[in-house]
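Written below as structure tokens is the structure these notes are about.
The values are calculated or read from the model by the stated rules, or taken from the named source; none is laboratory data. Keep in mind it's a predicted model, so treat the numbers as computed, not measured. Quick reminder, even Gly has a Cβ in these numbers, built from the backbone with ideal geometry, and neighbours come from all protein chains shown.
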Amino acid sequence: YAKHDPKANYYAFEQPMEDKRQRYHTLAEDLVSALANNQIRQVYQPVVCLKTRRIVLAEALLRWHHAQYGDISPLEVVTVAERAGLAEQLNAWVLTTASSQNMAWRKAGLPAIKTSVNISPAMYTRYDLAGMLTRTLAQTGLPADQLVLEITEDTTMQDIDSSPQILSQLRRLGVELALDDFGTGYSSLSHLKSMPFQKIKIDKSFIQACSSAPQRAHSVLRTIIHLGQSLGMQVVAEGIETRAQYEHLFAEGCQFGQGFWFHRPMSGDELAGLLHKHLQQDNVSYLSDKAAM
Ligand code: C2E
Ligand code: MG
Ligand code: MG
Ligand code: MG
């Protein structure tokens, strides 16, 4: 009765070793041309201020539709790039594309927002990230303080001893630093306070746990929010999918949020459309303020 056994299903989806190897080689071979030919694209997911719902930042996320394998998850793209020695190329593309898009929104006269990019683990430890940033900012003209680097807790823990120094060097360039997927890694409180982050992003697993084990999840969330705030960091909750989650986080004093409840990741043009609506709302509130005077 294999078909009634949920495990049978699971194993059916597991790929044999040979297929995995073939997939890796094909993707590694195609990655460079995919970057050059716009087969890899970037989408942008807004981060909003929970109080006003206004968009304050856009996180750049990778998308690769491969001719043979279909959609490849960004985590697989990063893994393939790092194994294939393409970490520098991939991160350079990510930084340049995201910064140029942000400049395009500005040049179109839209309200200024920040852009965040995810930095891959190898780029953080093994290559000259500071040099790459300096070049990208100079080439695109994006002001350093408008760019946020998202670095996961696990990435900073690869090299615990040099992390405070690596991060301080990045800070001196004027970019902001966000600790991504907070709560999923193993960093301790003592590490957190020695690292110069301006923002922490609470991992979506904590937000989603609120629906399944409400009481304990709520107290964990409250603790994380207060911890970030007591260290002077802005707290962003990721993965907000329901009104209840949003209202709960707002009530707990969380300042910023991201998730399908607000906006899904979208193209640069679609985000421009949303920013344009902000402009119109500003005009309306300006006119009504004037009328009220
Ligand atoms: P992340 O940086 O934590 O990004 C958040 C992920 O959560 C994104 O998945 C986003 O689409 C998803 N998400 C946002 N809101 C919701 C929600 O309400 N519910 C649910 N279920 N998911 C939500 P995505 O785009 O598949 O990216 C997955 C991970 O891949 C990212 O996690 C990041 O670690 C990595 N990644 C994506 N783009 C890049 C990139 O350009 N460079 C690097 N190094 N890593 C990237
Ligand atoms: Mg991120
Ligand atoms: Mg995250
Ligand atoms: Mg995450």
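Odds and ends about this structure:
- Residue identified as touching a residue at least 60 places away in the same chain (Cβ under 8 Å), under 28 Å from L147 (Cβ atoms) and over 19 Å from the mean Cα position of the chain (by Cα) among F256, F250, F262: F250
- Identity of the residue in the stretch 87-98, away from ligand 2 (no atom under 16 Å from the Cβ) and either more than 16 Å from L61 (Cα to Cα) or of a type in the set (S, T, N, Q) (or both), that ends up surrounded by the fewest Cβ atoms within 10 Å (Cβ to Cβ): Q89
- For the stretch 53-70, the condition holds for at least one residue, the condition being that it is buried (at least 19 other Cβ atoms within 10 Å of the Cβ) and touching an Asp or Glu at 6+ places or on another chain (Cβ under 8 Å).
- No other residue among L221, L275 is over 30 Å from G109 (Cβ atoms) and either more than 12 Å from ligand 1 (Cβ to nearest atom) or not in a loop (DSSP other than H, G, I, E, B) (or both) apart from L221.
- A237 in contact with a Cys (Cβ under 6 Å, 6 or more places away or on another chain) and within 15 Å of ligand 1 (Cβ to nearest atom): yes
- Selection from the stretch 190-223 of residues that are under 16 Å from L249 (Cα atoms) and aliphatic (A, V, I, L, M): I200, I202, I207, A209, A213, A217, V220, L221
- Residue count for the stretch 180-211, restricted to those that are more than 14 Å from ligand 2 (Cβ to nearest atom) and assigned to a loop (DSSP other than H, G, I, E, B): 6
- Scanning the stretch 59-91 for residues that are small (G, A, S) and away from ligand 4 (no atom under 16 Å from the Cβ) gives A67, G70, A81, A84, G85, A87.
Conditions tested, residue by residue: (1) closer than 21 Å to Q146 by Cα; (2) more than 16 Å from ligand 3 (Cβ to nearest atom); (3) surrounded by 15 or more Cβ atoms within 10 Å (Cβ to Cβ).
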{"position": "S168", "(1), (2), (3)": "yes, yes, no"}
{"position": "V175", "(1), (2), (3)": "yes, yes, yes"}
{"position": "D180", "(1), (2), (3)": "yes, no, yes"}
{"position": "K193", "(1), (2), (3)": "no, yes, no"}
{"position": "F197", "(1), (2), (3)": "yes, no, yes"}
{"position": "R216", "(1), (2), (3)": "no, yes, no"}
{"position": "L221", "(1), (2), (3)": "no, no, yes"}
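- Residue list for the stretch 14-44, filter: of a type in the set (A, V, I, L, M, F, W, C), touching a residue at least 12 places away in the same chain (Cβ under 8 Å) and out of contact with any helix residue (DSSP H, G or I) (no Cβ under 7 Å at 6 or more places or on another chain): A34, V43
- Restricting attention to the stretch 231-251, the residues being in a helix (DSSP H, G or I) and under 12 Å from L221 (Cα atoms) number 5.
- Flag for L227 being buried (at least 16 other Cβ atoms within 10 Å of the Cβ), away from ligand 3 (no atom under 16 Å from the Cβ) and either within 17 Å of the chain's Cα centre (by Cα) or at pLDDT 95 or above (or both): no
- Considering T155, T140, T136, the condition of being surrounded by 21 or more Cβ atoms within 10 Å (Cβ to Cβ), over 17 Å from the mean Cα position of the chain (by Cα) and of a type in the set (S, T, N, Q) is satisfied by T136 alone.
- Qualifying residue in the stretch 186-196 (condition: within 16 Å of ligand 1 (Cβ to nearest atom) and of a type in the set (F, W, Y)): no
- Qualifying residue in the stretch 93-110 (condition: touching a Leu at 6+ places or on another chain (Cβ under 6 Å) and modelled with pLDDT under 95): no
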